[in-house]
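J.: For reference, the structure I am asking about is given below.
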Amino acid sequence: MSLVGSGLVGGWRRGQAVVDQLDVAVEPGRVLGVAGPSGCGKSTLVRVLALLHTPWRGSVSVDGTEVRQMRYRAPAALRRRVGVVFQQPRASADPRLTLSDLLTEPLRAAGERDRAVLDARAAELCDRVGLTAELRTRRPHEVSDGQLQRACLARALAAEPDYLLCDEMTAMLDASTTAALVSVISAEVDRGLGVLTVSHDEPLLAAWADEVVRPWSG
Ligand SMILES: Nc1ncnc2c1ncn2[C@@H]1O[C@H](COP(=O)(O)OP(=O)(O)OP(=O)(O)O)[C@@H](O)[C@H]1O
């Protein structure tokens, strides 16, 4: 059981691979740290593992099932098993949605329409990530970056994924919000969530990750 990328090669411009023959395995109940210099391809690797970007070569498999088509063609059941939190919450949050609607987006995408069910789930997710009730009806421009990132984490956890990919999730947050988000995720890891976290923050990786890999060094 794991989210595995094997022999991954990919990038954005023909002939310029930024992910070049990488093997990576995200295992249940463990935190894998990925470090590397700016621009080397860490976010690209995350996008491939999140089934959002098609690699040129190699494969991604989720618990032994190889994902043959990526992006909107990837099977929804597999996509739901991999959550992602991006660096910039404002770039990944629809400004028209309330936080409650934002974090239940994956449930609505999966067909849930019952308002009472969605509201109850939003309340439960907000509690889990430390968002107070009055924030649920606010829109992204009415909350802080830290509060919005908490909502984005809640959205990533909404479909109860087996794997969570964090792409510089805490880069723009203060130390206390970083600690709070890491603590929320650590509780999920204790319940079996497998995490891959990309970060420039070496002390954070040293403290949080079970193992740190540096695929772009040497
Ligand atoms: N959507 C895109 N279109 C074209 N090129 C891209 C795109 N995203 C990334 N790139 C290019 O791919 C290379 C790797 O970028 P990527 O964002 O994966 O690196 P990174 O290691 O995450 O960087 P950073 O640490 O600065 O966030 C860079 O040269 C970047 O300019």
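The values are calculated or read from the model by the stated rules, or taken from the named source; none is laboratory data. Keep in mind that what you see is a predicted model, and the values were worked out from it rather than measured. Every residue, glycine among them, receives a Cβ derived from its backbone with ideal geometry; neighbour counts consider all protein chains shown. We work out accessible area using only protein heavy atoms, side chains counted, and drop any ligands, DNA or RNA first. Shrake-Rupley method; radii C 1.70, N 1.55, O 1.52, S 1.80 Å.
J.: How much accessible area per residue does the chain have, in Å², with a 1.4 Å probe?
T.: Numbers: 10430 Å² over 218 residues.
Here the residues of the chain average 48 Å² of exposed surface.
J.: Additional query: What FRET efficiency do you get for residue 207 and residue 109 if R0 is 30 Å and r is their Cβ-Cβ distance, rounded to the nearest 0.05?
T.: For R0 = 30 Å, the calculated efficiency reads 0.30.
J.: Could you tell me the center-to-center distance, by alpha carbons, between segment 71-119 and segment 159-218 in angstrom?
T.: So the two Cα centres are separated by 20 Å.
J.: Which of the peptides 72-82, 47-57, 139-149, 111-121 is most tightly packed, and how do the rest follow, going by the mean number of other Cβ atoms within 10 Å of each residue?
T.: Ranked by mean Cβ neighbours within 10 Å, highest first: 47-57, 139-149, 72-82, 111-121.
J.: What are the ³J(HN,Hα) values, in whole Hz, obtained from phi via the Karplus relation 6.51 cos²θ - 1.76 cosθ + 1.60 with θ = phi - 60°, for each residue of segment 205-215 in sequence order, with x given for Gly and Pro?
T.: Ordered by residue, 3J(HN,Hα) equals 4, 4, 7, 9, 7, 6, 8, 10, 10, 10, x Hz.
J.: To continue, here is another question. Quick one: putting +1 on the C-beta of Lys and Arg, -1 on the C-beta of Asp and Glu, what dipole do you get for segment 120-207 around its Cα centre, in Debye to the nearest 20? Could you put the intermediate results ahead of the total?
T.: Working: 8 positive and 14 negative charges, 80 e Å.
Its charge dipole is roughly 380 debye.
J.: For the chain, with the dipole built from +1 on Lys and Arg beta-carbon atoms and -1 on Asp and Glu ones, taken about the Cα centre, which of 40, 4, 95 lies farthest toward the positive end?
T.: 95
J.: Helix hunt in the chain: which complete DSSP H runs extend at least 20 Å axially by C-alpha with mean Kyte-Doolittle at least -0.5?
T.: In the chain, the long hydrophobic H runs are 115-129, 175-190.
J.: What residues qualify as long-range amide H neighbours of residue 197, i.e. H under 5 Å apart, gap of 5 or more or another chain, H built at 1.01 Å from N?
T.: Long-range HN contacts for residue 197: 32, 33, 34, 166.
J.: Say each of residue 145 and residue 116 gets a label point 7 Å from the Cα, pointing the same way as Cα to Cβ; how far apart are those two points in nm?
T.: Taking the two extended label points, one gets 4.1 nm.
J.: Which one of 146, 135, 110 is farthest out on the positive end of the charge dipole of segment 96-155, using unit charges on Cβ (Lys, Arg +1; Asp, Glu -1) and the Cα centre as origin?
T.: Farthest towards the positive end: 110.
J.: Once the other residues with Cβ under 12 Å from the Cβ of residue 10 are scored (Lys, Arg +1; Asp, Glu -1), what is the net sum? Working shown, then result.
T.: Details: positive: 13, 14, 47, 57; negative: 20.
Summing Lys and Arg as +1 and Asp and Glu as -1 gives +3.
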